[in-house]
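J.: Take this structure first; my questions come after.
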Amino acid sequence: MKFTCTQENILEGLNLVTPVTGKNLSLPILNNVLFVVAETDITISSTNLELAVTTHLRGKTEANGSLTANGKLLRDFIALQPNG
């Protein structure tokens, strides 16, 4: 999986989907957000099993793939990076 997008675009997407993730101790995967990179589409989604949120990012896709990562940790890390 490889994609390129602006810091603003990825933060906007993470700010939309991260509030749905919670502190689910029995299913820790629900604390994560799912990134899916397809031929021409970058999607971020999350769920708490009652509500699901999906958003699409503008960007350039180079290699298909998917991964999950802790949404709050990733959002905070990207927000701390210098612009540019």
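Only the coordinates and a few stated rules stand behind these numbers; no lab work does. Predicted, not measured: the structure shown is a model, and the values here were computed from it. Heads up, the Cβs are rebuilt from the backbone with ideal geometry, glycines too, and the neighbour counts pull from every protein chain shown.
J.: Counting alpha carbon pairs within less than 8 Å and at least 6 residues apart, what relative contact order, in whole percent, applies to region 2-80?
T.: Relative contact order here is 38 percent.
J.: Treat the count of other C-beta atoms within 10 Å as a stand-in for reagent exposure and order Val53, Val33 from fewest to most.
T.: Fewest to most other Cβ atoms nearby, the residues stand as Val53, Val33.
J.: What order, most packed first, do the peptides 13-19, 40-46, 61-67 have when packing is the mean number of other Cβ atoms within 10 Å of each residue?
T.: Per-residue Cβ counts within 10 Å, averaged per peptide and sorted highest first, yield 13-19, 40-46, 61-67.
J.: Order by neighbour count: Leu73, Leu57, Leu80, fewest other Cβ atoms within 10 Å first, most last.
T.: So the ranking, lowest neighbour count to highest, is Leu80, Leu73, Leu57.
J.: Is region 2-80 best put as rounded, prolate or oblate by its Cα gyration tensor, with a ≥ b ≥ c the root eigenvalues, rounded for a/c under 1.5, and otherwise prolate when a/b is larger than b/c, oblate when not?
T.: prolate
J.: Straight-line reach only, C-alpha to C-alpha below 27 angstrom: list the lysines that Lys23 could link to, leaving out same-chain residues fewer than 8 apart.
T.: Qualifying lysines at Cα under 27 Å: Lys72.
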